[in-house]
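The values are calculated or read from the model by the stated rules, or taken from the named source; none is laboratory data. In this text the structure is predicted, and so the values were computed from the model without any measurement. Positions of Cβ are generated from backbone atoms using ideal geometry, with glycine treated the same way; all protein chains shown enter the neighbour counts. Ligands, DNA and RNA are stripped out before the accessible areas are found, and what is left, the full protein with its side chains, is counted by its heavy atoms. Shrake-Rupley method; radii C 1.70, N 1.55, O 1.52, S 1.80 Å.
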Amino acid sequence: MLQIADKKFSSRLLLGTGKYPSFEAQKEAVAVSEAEILTFAVRRMNIFEDSQPNFLEQLDLTRYTLLPNTAGASTAEEAVHIAKLAKASGLCDMVKVEIIGCSRSLLPDPVETLRASEMLLEEGFIVLPYTSDDVVLARKLCELGVHAIMPGAAPIGSGRGILNPLNLSLIIEQSDVPVIVDAGIGSPKDAAYAMELGADGVLLNTAVSEAADPVKMAEAMKLAIKAGRLGYHAGRMPARDYGVASSPLEGLVTN
């Protein structure tokens with residue numbers, strides 16, 4: 001089970017809900033993924049306007065935990081304001097802190113992320129900060145008391161996969177809360193690799209929503225995450241520089 005604060009989940013796949021070609025494709029992809037946590041940008045939804053299209057209306061919300069994120073915020077104060085709007089609407093007291101510091105790379109702002117996380121913890125939120133693969137920042141956030149760390153594999157929406165496995169491994173090694181790899185995943189291979197490194201979960205959106213067949217890709221990601229987690233616990237064989245016979249050399253039949 002994946003445990004975040006006092007919440008437990010069977011699925012280790014967290015799924016974003018943006019950029020799908022249709023509500024129907026989105027709904028089918030969510031269902032086949034078996035994800036239990038769905039994330040969305042509060043500022044891109046009209047959560048207080050009944051007349052506006054809302055993907056939440058397409059889903060049985062009793063089956064999911066919603067993870068609103070603060071995308072669109074550029075300061076800690078803006079992120080806190082967005083989080084409070086989501087909580088006031090009755091969505092969830094769990095929030096993904098997302099504060100972009102660079103409009104070109106879309107990398108998160110480490111200083112404002114740290115500030116916002118501290119402020120939201122004081123307000124009683126369950127806090128999941130999205131960060132770069134900064135090992136020191138991840139440690140400081142853990143010391144602050146966040147409930148999970150969400151380092152990016154690569155820039156948001158890039159599909160480049162895991163660019164720095166060493167840093168991700170170090171973040172996982174030092175963290176006493178779940179590490180959920182977030183952003184940059186492009187294929188099931190990337191998702192499996194993240195889990196093989198020891199990650200507790202994977203959050204993705206574009207890899208599914210922009211796939212030629214989002215529903216098939218959602219299922220592929222689900223299976224890849226399960227396989228990667230199982231492989232991590234199974235323990236990988238050692239990598240060697242030279243070949244080693246797979247059959248025993250003793251007791252060979254000789255002429």
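Yes or no: region 222-237 includes at least one residue that is touching a His at 6+ places or on another chain (Cβ under 9 Å), surrounded by 14 or more Cβ atoms within 10 Å (Cβ to Cβ) and touching a residue at least 40 places away in the same chain (Cβ under 8 Å).
Within region 222-237, the first condition is being touching a His at 6+ places or on another chain (Cβ under 9 Å), and the residues that meet it are none.
No.
Does Val127 satisfy the criteria of being of a type outside the set (S, T, N, Q) and either more than 16 Å from the chain's Cα centre (by Cα) or assigned to a loop (DSSP other than H, G, I, E, B) (or both)? Spell out how you get there, then give the answer.
On the way: of a type outside the set (S, T, N, Q): yes; either more than 16 Å from the chain's Cα centre (by Cα) or assigned to a loop (DSSP other than H, G, I, E, B) (or both): no.
No: the conditions fail for Val127.
If you scan region 146-175, which residues turn out to be assigned to a loop (DSSP other than H, G, I, E, B), touching a strand residue (DSSP E or B) at 6+ places or on another chain (Cβ under 8 Å) and not β-branched (Val, Ile, Thr)?
Matches in region 146-175: His147, Ala148, Gly152, Ala153, Ser175.
Checking the structure you have, find out if any residue of region 62-69 is at pLDDT below 90, closer than 20 Å to Pro151 by Cβ and assigned to a loop (DSSP other than H, G, I, E, B).
No, region 62-69 has no match at all.
When region 176-197 is examined, which residues are found to be in a helix (DSSP H, G or I), of a type in the set (Asp, Glu) and under 23 Å from Leu67 (Cα atoms)? Full working, then the answer.
Just the residues of region 176-197 that are in a helix (DSSP H, G or I), to begin with: 188-196.
Now narrow it down to the ones that are of a type in the set (Asp, Glu): 190, 196.
If the condition is that a residue be in a helix (DSSP H, G or I), of a type in the set (Asp, Glu) and under 23 Å from Leu67 (Cα atoms), then Asp190 is the only one that fits.
Would you mention how many residues in region 81-101 are more than 20 Å from the chain's Cα centre (by Cα) and open to solvent by less than 60 Å² (accessible area, probe 1.4 Å)? So that I can check it myself, show each step before the final result.
Restricting attention to region 81-101, the residues satisfying the condition of being more than 20 Å from the chain's Cα centre (by Cα) are 81, 84-85, 87-90.
Remaining after also requiring open to solvent by less than 60 Å² (accessible area, probe 1.4 Å): 89.
Residues that pass the stated criteria total 1.
Just to be sure I understand the filter: pairs with C-beta atoms under 7 Å, separated by 6 or more residues or on different chains, first member in region 142-170 and open to solvent by less than 50 Å² (accessible area, probe 1.4 Å), second member in a helix (DSSP H, G or I) and of a type outside the set (A, V, I, L, M, F, W, C). Which pairs pass?
Going by the 7 Å Cβ cut-off, the qualifying pairs are Val146/Ser117; Ala153/Asp190; Gly157/Thr206; Gly159/Thr206; Gly161/Asp190; Ile162/Asp190; Ile162/Tyr193.
For region 1-35, enumerate the residues that are surrounded by fewer than 20 Cβ atoms within 10 Å (Cβ to Cβ) and either among the aliphatic types (A, V, I, L, M) or assigned to a helix (DSSP H, G or I) (or both). Before you say what the answer is, go through the steps one by one.
Looking only at region 1-35, we keep the residues that are surrounded by fewer than 20 Cβ atoms within 10 Å (Cβ to Cβ), and these are 1-3, 5-11, 18-19, 21-25, 27-28, 31-32, 34.
Once the filter is applied, which keeps residues that are surrounded by fewer than 20 Cβ atoms within 10 Å (Cβ to Cβ) and either among the aliphatic types (A, V, I, L, M) or assigned to a helix (DSSP H, G or I) (or both), region 1-35 yields Met1, Leu2, Ala5, Phe23, Glu24, Ala25, Lys27, Glu28, Ala31, Val32.
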